[in-house]
Amino acid sequence: MNRVIAHTDACYTLFQAFSAALLLCACSSTAPLPPPASPSAAARSALAPSGTLRAAINFGNPILATRDAATGEARGVSVDLARELGRRLEVPVELVLYPAAGKVVEGIKTGAWDIGFFAIDPVRAEDIDFTPAYVVIEGAYLVPANSGIARNEDVDRDGVRVVVGRGSAYDLYLTRELKKAKIVRAPTSPAVTDMMLADRIEVAAGVKQQLEADAKRLPGLRLLEGRFMVINQALGIPKGRAAGTAYVSEFVQQMKASGFVANALRRHAIEGAAVAPQ
(Lines give C-alpha, C1' and ligand atoms only; values in the text may rest on other atoms or scores of the structure.)
Protein backbone atom coordinates (compact mmCIF):
# COMPACT_ATOMS: atom_id res chain seq x y z
CA MET A 1 0.00 0.00 0.00
CA ASN A 2 1.21 3.48 -0.81
CA ARG A 3 2.31 5.52 2.16
CA VAL A 4 -0.17 8.21 3.10
CA ILE A 5 1.36 11.60 2.38
CA ALA A 6 1.16 13.89 5.42
CA HIS A 7 -0.18 17.42 5.29
CA THR A 8 3.05 19.27 6.01
CA ASP A 9 4.50 22.68 5.44
CA ALA A 10 7.48 20.97 3.86
CA CYS A 11 5.19 19.76 1.10
CA TYR A 12 3.83 23.27 0.71
CA THR A 13 7.35 24.66 0.32
CA LEU A 14 7.96 22.22 -2.51
CA PHE A 15 4.58 23.15 -3.96
CA GLN A 16 5.59 26.82 -4.12
CA ALA A 17 8.99 26.05 -5.58
CA PHE A 18 7.76 23.83 -8.40
CA SER A 19 4.34 25.24 -9.26
CA ALA A 20 5.40 28.40 -11.06
CA ALA A 21 7.87 26.60 -13.30
CA LEU A 22 5.46 23.81 -14.12
CA LEU A 23 2.61 26.11 -15.02
CA LEU A 24 4.90 28.37 -17.05
CA CYS A 25 5.98 25.40 -19.11
CA ALA A 26 2.37 24.36 -19.55
CA CYS A 27 1.51 27.77 -20.96
CA SER A 28 4.32 27.77 -23.50
CA SER A 29 4.27 24.19 -24.76
CA THR A 30 2.63 20.84 -24.36
CA ALA A 31 4.93 17.91 -23.68
CA PRO A 32 3.96 14.80 -25.64
CA LEU A 33 2.34 12.14 -23.53
CA PRO A 34 4.48 9.03 -23.02
CA PRO A 35 3.25 5.96 -24.87
CA PRO A 36 0.66 4.15 -22.76
CA ALA A 37 2.15 1.33 -20.74
CA SER A 38 0.37 -1.90 -21.57
CA PRO A 39 -1.65 -2.77 -18.47
CA SER A 40 -1.40 -6.30 -17.21
CA ALA A 41 -4.53 -8.40 -17.10
CA ALA A 42 -4.40 -8.13 -13.30
CA ALA A 43 -4.25 -4.31 -13.43
CA ARG A 44 -7.11 -4.03 -15.90
CA SER A 45 -9.21 -6.44 -13.87
CA ALA A 46 -8.49 -4.51 -10.65
CA LEU A 47 -9.34 -1.12 -12.13
CA ALA A 48 -12.25 -2.09 -14.37
CA PRO A 49 -13.61 -5.42 -13.08
CA SER A 50 -16.89 -4.90 -14.95
CA GLY A 51 -15.16 -3.98 -18.20
CA THR A 52 -15.89 -0.28 -17.60
CA LEU A 53 -13.77 2.12 -15.52
CA ARG A 54 -16.20 3.69 -13.05
CA ALA A 55 -14.66 6.96 -11.88
CA ALA A 56 -16.16 8.81 -8.90
CA ILE A 57 -16.25 12.56 -9.57
CA ASN A 58 -16.67 14.95 -6.62
CA PHE A 59 -18.39 18.26 -7.39
CA GLY A 60 -17.80 19.38 -3.80
CA ASN A 61 -14.30 20.59 -4.74
CA PRO A 62 -14.38 23.02 -7.69
CA ILE A 63 -10.64 22.66 -8.22
CA LEU A 64 -11.19 19.04 -9.20
CA ALA A 65 -14.49 19.11 -11.06
CA THR A 66 -17.43 21.33 -11.97
CA ARG A 67 -20.36 21.21 -14.35
CA ASP A 68 -20.00 22.97 -17.68
CA ALA A 69 -22.18 26.09 -17.58
CA ALA A 70 -23.50 25.50 -21.09
CA THR A 71 -23.91 21.73 -21.25
CA GLY A 72 -24.10 20.63 -17.62
CA GLU A 73 -21.48 17.97 -18.30
CA ALA A 74 -18.70 17.18 -15.84
CA ARG A 75 -15.40 18.90 -16.55
CA GLY A 76 -12.12 19.43 -14.71
CA VAL A 77 -8.75 17.90 -14.02
CA SER A 78 -10.19 14.78 -12.35
CA VAL A 79 -12.47 14.17 -15.33
CA ASP A 80 -9.53 14.54 -17.73
CA LEU A 81 -7.44 12.09 -15.70
CA ALA A 82 -10.26 9.54 -15.55
CA ARG A 83 -10.75 9.64 -19.30
CA GLU A 84 -7.04 9.39 -20.02
CA LEU A 85 -6.76 6.41 -17.68
CA GLY A 86 -9.65 4.72 -19.47
CA ARG A 87 -7.92 5.32 -22.79
CA ARG A 88 -4.77 3.65 -21.53
CA LEU A 89 -6.70 0.71 -20.12
CA GLU A 90 -8.66 0.51 -23.40
CA VAL A 91 -11.99 0.43 -21.58
CA PRO A 92 -14.98 2.79 -21.57
CA VAL A 93 -15.28 5.30 -18.73
CA GLU A 94 -18.39 5.86 -16.65
CA LEU A 95 -18.42 9.01 -14.50
CA VAL A 96 -20.17 8.40 -11.18
CA LEU A 97 -21.14 11.87 -9.97
CA TYR A 98 -21.29 12.99 -6.32
CA PRO A 99 -22.06 16.32 -4.64
CA ALA A 100 -19.49 15.87 -1.85
CA ALA A 101 -16.38 13.89 -0.93
CA GLY A 102 -18.12 12.23 1.99
CA LYS A 103 -20.68 10.76 -0.40
CA VAL A 104 -17.87 9.38 -2.56
CA VAL A 105 -16.36 7.62 0.44
CA GLU A 106 -19.75 6.13 1.30
CA GLY A 107 -19.88 4.71 -2.22
CA ILE A 108 -17.02 2.36 -1.43
CA LYS A 109 -19.36 0.36 0.82
CA THR A 110 -21.64 -0.49 -2.09
CA GLY A 111 -18.91 -0.94 -4.69
CA ALA A 112 -20.25 2.00 -6.67
CA TRP A 113 -16.91 3.06 -8.19
CA ASP A 114 -13.48 1.74 -9.13
CA ILE A 115 -11.36 4.88 -8.75
CA GLY A 116 -11.97 8.18 -6.98
CA PHE A 117 -10.27 11.53 -6.50
CA PHE A 118 -9.60 12.46 -2.88
CA ALA A 119 -7.59 14.47 -0.45
CA ILE A 120 -5.21 12.01 1.20
CA ASP A 121 -6.24 11.42 4.79
CA PRO A 122 -5.38 8.69 7.32
CA VAL A 123 -9.05 8.03 8.10
CA ARG A 124 -9.82 7.37 4.44
CA ALA A 125 -6.68 5.24 4.16
CA GLU A 126 -8.39 2.60 6.28
CA ASP A 127 -10.47 1.64 3.22
CA ILE A 128 -8.64 3.27 0.31
CA ASP A 129 -5.15 2.97 -1.17
CA PHE A 130 -3.78 6.24 -2.51
CA THR A 131 -1.48 7.08 -5.39
CA PRO A 132 1.10 9.85 -5.04
CA ALA A 133 -0.54 13.28 -5.04
CA TYR A 134 -1.21 14.92 -8.40
CA VAL A 135 -2.39 18.34 -7.18
CA VAL A 136 -1.71 20.39 -4.04
CA ILE A 137 -4.26 22.93 -2.77
CA GLU A 138 -4.86 24.98 0.38
CA GLY A 139 -7.51 25.01 3.07
CA ALA A 140 -8.57 28.43 4.36
CA TYR A 141 -10.94 30.14 6.80
CA LEU A 142 -13.63 32.69 5.97
CA VAL A 143 -15.15 35.00 8.60
CA PRO A 144 -17.54 37.96 8.72
CA ALA A 145 -15.72 41.21 7.97
CA ASN A 146 -16.41 42.55 11.49
CA SER A 147 -15.19 39.36 13.23
CA GLY A 148 -12.61 39.66 15.99
CA ILE A 149 -10.84 36.62 14.54
CA ALA A 150 -7.79 38.00 12.77
CA ARG A 151 -5.50 35.00 12.31
CA ASN A 152 -5.81 31.26 11.70
CA GLU A 153 -4.48 30.69 15.20
CA ASP A 154 -7.45 32.61 16.66
CA VAL A 155 -10.01 30.09 15.39
CA ASP A 156 -9.45 27.31 17.93
CA ARG A 157 -10.96 28.85 21.05
CA ASP A 158 -14.04 28.46 23.20
CA GLY A 159 -17.24 29.85 21.74
CA VAL A 160 -16.10 29.58 18.12
CA ARG A 161 -18.01 27.38 15.68
CA VAL A 162 -16.48 26.27 12.39
CA VAL A 163 -18.70 25.03 9.56
CA VAL A 164 -17.22 22.48 7.15
CA GLY A 165 -18.55 20.18 4.45
CA ARG A 166 -19.52 16.86 5.98
CA GLY A 167 -16.90 14.17 5.32
CA SER A 168 -14.58 16.58 3.50
CA ALA A 169 -10.81 16.68 4.02
CA TYR A 170 -11.35 19.78 6.15
CA ASP A 171 -13.88 17.98 8.32
CA LEU A 172 -11.50 15.05 8.90
CA TYR A 173 -8.48 17.27 9.54
CA LEU A 174 -10.19 19.79 11.83
CA THR A 175 -11.92 17.03 13.78
CA ARG A 176 -8.44 15.86 14.77
CA GLU A 177 -6.83 19.28 15.21
CA LEU A 178 -9.35 21.61 16.83
CA LYS A 179 -9.43 21.26 20.62
CA LYS A 180 -11.76 24.10 21.70
CA ALA A 181 -13.74 25.28 18.69
CA LYS A 182 -16.88 23.35 17.78
CA ILE A 183 -17.34 21.85 14.30
CA VAL A 184 -20.67 22.27 12.52
CA ARG A 185 -21.22 20.22 9.36
CA ALA A 186 -22.91 21.43 6.19
CA PRO A 187 -24.26 18.89 3.66
CA THR A 188 -21.56 19.81 1.12
CA SER A 189 -18.46 22.02 0.99
CA PRO A 190 -19.98 24.57 -1.43
CA ALA A 191 -22.79 25.12 1.11
CA VAL A 192 -20.56 26.16 4.04
CA THR A 193 -20.60 29.92 3.46
CA ASP A 194 -24.35 30.15 3.03
CA MET A 195 -24.80 28.07 6.19
CA MET A 196 -22.34 30.28 8.08
CA LEU A 197 -24.39 33.35 7.20
CA ALA A 198 -27.81 31.75 7.74
CA ASP A 199 -26.93 30.33 11.16
CA ARG A 200 -24.57 33.16 12.23
CA ILE A 201 -21.64 30.75 12.58
CA GLU A 202 -18.29 32.36 13.32
CA VAL A 203 -16.05 30.63 10.73
CA ALA A 204 -16.34 28.72 7.45
CA ALA A 205 -13.56 26.33 6.39
CA GLY A 206 -12.87 24.89 2.96
CA VAL A 207 -11.06 25.13 -0.35
CA LYS A 208 -9.38 28.53 -0.50
CA GLN A 209 -10.52 29.12 -4.07
CA GLN A 210 -14.16 28.40 -3.21
CA LEU A 211 -14.09 30.72 -0.19
CA GLU A 212 -12.43 33.49 -2.20
CA ALA A 213 -15.25 33.22 -4.73
CA ASP A 214 -17.81 33.35 -1.91
CA ALA A 215 -16.17 36.50 -0.48
CA LYS A 216 -16.55 38.17 -3.89
CA ARG A 217 -20.11 36.91 -4.31
CA LEU A 218 -21.37 37.98 -0.89
CA PRO A 219 -20.71 41.30 0.90
CA GLY A 220 -19.31 41.55 4.41
CA LEU A 221 -16.92 38.58 4.39
CA ARG A 222 -13.17 38.35 4.93
CA LEU A 223 -10.73 35.56 4.10
CA LEU A 224 -8.06 35.01 6.73
CA GLU A 225 -4.51 35.29 5.42
CA GLY A 226 -2.51 32.14 4.85
CA ARG A 227 -3.82 28.62 5.21
CA PHE A 228 -4.65 26.17 7.98
CA MET A 229 -3.71 23.07 5.99
CA VAL A 230 -2.09 21.89 2.78
CA ILE A 231 -4.10 19.29 0.90
CA ASN A 232 -2.65 16.56 -1.28
CA GLN A 233 -5.13 15.37 -3.89
CA ALA A 234 -4.64 11.83 -5.20
CA LEU A 235 -6.40 8.98 -6.93
CA GLY A 236 -7.87 6.42 -4.57
CA ILE A 237 -8.60 2.74 -5.17
CA PRO A 238 -10.52 0.40 -2.85
CA LYS A 239 -8.13 -1.70 -0.77
CA GLY A 240 -7.23 -5.14 -2.00
CA ARG A 241 -6.49 -4.17 -5.59
CA ALA A 242 -2.70 -4.02 -5.47
CA ALA A 243 -2.12 -4.43 -9.20
CA GLY A 244 -4.49 -1.56 -9.91
CA THR A 245 -2.90 0.68 -7.31
CA ALA A 246 0.57 0.07 -8.73
CA TYR A 247 -0.56 0.84 -12.29
CA VAL A 248 -2.42 4.02 -11.35
CA SER A 249 0.45 5.25 -9.16
CA GLU A 250 2.78 5.09 -12.17
CA PHE A 251 0.06 6.70 -14.30
CA VAL A 252 -0.15 9.69 -11.93
CA GLN A 253 3.61 10.20 -12.00
CA GLN A 254 3.57 10.15 -15.82
CA MET A 255 0.69 12.62 -15.96
CA LYS A 256 2.62 15.08 -13.80
CA ALA A 257 5.95 14.67 -15.59
CA SER A 258 4.42 15.01 -19.07
CA GLY A 259 2.63 18.27 -18.29
CA PHE A 260 -0.84 16.70 -18.55
CA VAL A 261 -1.93 17.83 -15.06
CA ALA A 262 -0.46 21.33 -15.46
CA ASN A 263 -2.19 21.73 -18.81
CA ALA A 264 -5.50 20.57 -17.34
CA LEU A 265 -5.27 23.17 -14.56
CA ARG A 266 -4.55 25.87 -17.12
CA ARG A 267 -7.24 24.71 -19.55
CA HIS A 268 -9.91 24.76 -16.85
CA ALA A 269 -8.68 28.15 -15.53
CA ILE A 270 -7.93 26.78 -12.06
CA GLU A 271 -6.18 29.13 -9.64
CA GLY A 272 -4.99 28.32 -6.14
CA ALA A 273 -3.69 24.87 -7.06
CA ALA A 274 -0.45 23.48 -8.44
CA VAL A 275 0.97 20.24 -9.71
CA ALA A 276 2.27 18.14 -6.81
CA PRO A 277 6.03 17.44 -6.80
CA GLN A 278 7.18 14.15 -8.28
Find all pairs meeting these conditions: Cβ atoms under 7 angstrom apart; at least six residues apart or on different chains; first residue within the range 188-213 and over 29 Å from A274 (Cα atoms); second residue among the basic types (K, R). I201/R161; E202/R161
Have a look at G86, G107 and point out the one that is touching a Pro at 6+ places or on another chain (Cβ under 7 Å) and either free of Cβ contacts under 8 Å to residues at least 60 places away in the same chain or over 22 Å from T52 (Cβ atoms) (or both). G86
Working carefully through the options A46, A55, find the one that is at pLDDT 95 or above, assigned to a helix (DSSP H, G or I), touching a Ser or Thr at 6+ places or on another chain (Cβ under 9 Å) and small (G, A, S). A46
If I ask for residues that are among the basic types (K, R) and free of Cβ contacts under 8 Å to residues at least 24 places away in the same chain, which ones from the range 61-82 would you list? R67
Could we say that G236 is within 30 Å of A150 (Cα to Cα) and assigned to a strand (DSSP E or B) here? no
With the requirement that a residue be modelled with pLDDT of 95 or more and surrounded by fewer than 19 Cβ atoms within 10 Å (Cβ to Cβ), what does the range 196-219 give you? L197, A198, D199, R200
Looking at the range 49-60, I want the residues that are touching a residue at least 40 places away in the same chain (Cβ under 8 Å) and have a partner that is of a type in the set (D, E) with Cβ atoms under 6 Å, at least 6 apart or on another chain. Which pairs are those? T52/E94; L53/D114; R54/E94; R54/D114
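Each row is one residue, and each column tells you yes or no for (1) outside any helix (DSSP H, G or I); (2) among the β-branched types (V, I, T); (3) modelled with pLDDT under 95; (4) closer than 19 Å to A186 by Cβ.
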position: T71; (1), (2), (3), (4): yes, yes, yes, no
position: V79; (1), (2), (3), (4): no, yes, no, no
position: A82; (1), (2), (3), (4): no, no, no, no
position: R88; (1), (2), (3), (4): no, no, no, no
position: V91; (1), (2), (3), (4): yes, yes, no, no
position: V104; (1), (2), (3), (4): no, yes, yes, yes
position: G107; (1), (2), (3), (4): no, no, yes, no
position: A112; (1), (2), (3), (4): yes, no, no, no
Looking only at the range 151-166, filter to residues that are within 14 Å of A140 (Cβ to Cβ) and in contact (Cβ under 8 Å) with a residue 40 or more places away in the chain; which one of those is nearest to the chain's Cα centre (by Cα)? G165
Residues that are among the charged types (D, E, K, R) and within 22 Å of G240 (Cβ to Cβ), drawn from the range 104-153: E106, K109, D114, D121, R124, E126, D127, D129
Could you tell me whether the range 125-142 includes any residue that is outside the structural domain of G165 (by TED's automatic domain parsing), over 14 Å from the mean Cα position of the chain (by Cα) and assigned to a loop (DSSP other than H, G, I, E, B)? yes
Yes or no: D171 farther than 16 Å from T131 by Cβ and within 18 Å of the chain's Cα centre (by Cα)? yes
Conditions (1) among the aliphatic types (A, V, I, L, M); (2) under 30 Å from D114 (Cα atoms); (3) at pLDDT 95 or above; number of the one not met by L172: (3)
Does A234 fit the bill of being within 15 Å of I137 (Cα to Cα), modelled with pLDDT of 95 or more and not basic (K, R)? yes
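The values are calculated or read from the model by the stated rules, or taken from the named source; none is laboratory data. From a predicted model like this one, the values you see are computed outputs, not experimental measurements. As a convention, Cβ positions derive from the backbone with ideal geometry for all residues, glycine included, and neighbour counts pool all protein chains shown.
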